[in-house]
Amino acid sequence: PLRILTDDCHVRIVQRRENTPGGQGTKLILNIRLGEKYGSLVEKKGDKFIRLAAFEPAVEMEDEEKIESETDEASNQTNTIDIKFVPVQYLFKVKTVAEADSMLKTLQQYCKKVGDGQM
């Protein structure tokens, strides 16, 4: 299932793989912040297709371990960590044109709310 999660100032779109249809999600497939300030762009690419373009942090395992060790060692100091971002695109296919229109409208509303500072 695809879910939109919100808190006071962030909106995320999250999708998990299910073991059985309608069952509990077991593995995280997608977890991206939405909003114009995060570079998120949502558009319709066909009758039943919605495209989400965004940026994800590009952190490799070695970098992740280095970041963790630096924060442990220097918990009293302020460190600057360079994080690179890479552009990504996701294409969602839904069953009906009405579902596509509804999904597009909902995602665009959340992107706009974050961009306007309403969240």
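The values are calculated or read from the model by the stated rules, or taken from the named source; none is laboratory data. All figures in this text were calculated on a predicted structure; none of them were measured in a lab. Quick reminder, even Gly has a Cβ in these numbers, built from the backbone with ideal geometry, and neighbours come from all protein chains shown. Heavy atoms of the whole protein, side chains included, go into the accessibility calculation; ligands, DNA and RNA do not. Shrake-Rupley method; radii C 1.70, N 1.55, O 1.52, S 1.80 Å.
At a glance:
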read-out: Solvent-accessible area per residue, Å², over segment 1-56 with all protein chains present [probe radius 1.4 Å]; value: 64 Å²
read-out: Lysines with Cα under 25 Å of Lys93, excluding same-chain neighbours fewer than 8 positions away; value: Lys27, Lys44, Lys45, Lys48, Lys105, Lys112, Lys113
read-out: Local electrostatic count, Lys27, Cβ distance below 15 Å [Lys/Arg +1, Asp/Glu -1]; value: +2
